[in-house]
Amino acid sequence: MEDKKILLDNIHKIHTTEMGIARIKRNLKIDVADVVEYCKNKVLLENCKIYRQGKNWYCEVENIKITINSYSYTIITAHIVK
């Protein structure tokens, strides 16, 4: 199965930790109520480039890169791409 399809089929499993929420907000300079929903919406965008390297998914869209663990579907971090 295509990598992108695997992640999209399991989008409902994506979550993060309290520390992850703080890290993502700080790194992306965002102040949103639901960080997980924000990241899911980015992943679901048509132009989102999704690929898997080792144990992580990487989702690149607009100017951000989201890292998601491929086994637990935990959002590890997100960064602004320069």
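Every number in this text was worked out from the coordinates using simple rules, so none of it is lab data. For clarity, every value in this text was computed on a predicted model and none was experimentally measured. As a convention, Cβ positions derive from the backbone with ideal geometry for all residues, glycine included, and neighbour counts pool all protein chains shown.
Helix 18-28 and the long axis of the chain differ in direction by around 80°, with both axes built from C-alpha atoms. Relative to the longest principal axis of the Cα atoms of the chain, helix 35-44 runs at roughly 40 degrees.
Could you compute the net charge surrounding Glu60? Neighbours are other residues with a C-beta less than 14 Å from the C-beta of Glu60; K and R count +1, D and E count -1. Charge balance in the 14 Å sphere: +3. Simple point charges give the picture: +1 on the Cβ of Lys and Arg, -1 on the Cβ of Asp and Glu, and for the range 1-71 a dipole about the Cα centre of about 260 debye.
Modelled this way, with points 7 Å down the Cα-to-C-beta line, the labels at Met19 and Leu44 are 2.9 nm from one another.
Given the Cα-Cα distance of Asn69 and Asn56 and 0.36 nm per residue of separation, how much length would full extension add, in nm? Please list the in-between numbers first.
Numbers: separation 13, 0.36 × 13 = 4.68 nm, distance 0.45 nm.
Full-extension gain reported as 4.2 nm.
A simple count of charges around Ile11, restricted to other residues whose Cβ falls under 12 Å of its Cβ and scoring Lys, Arg +1 and Asp, Glu -1, yields +3.
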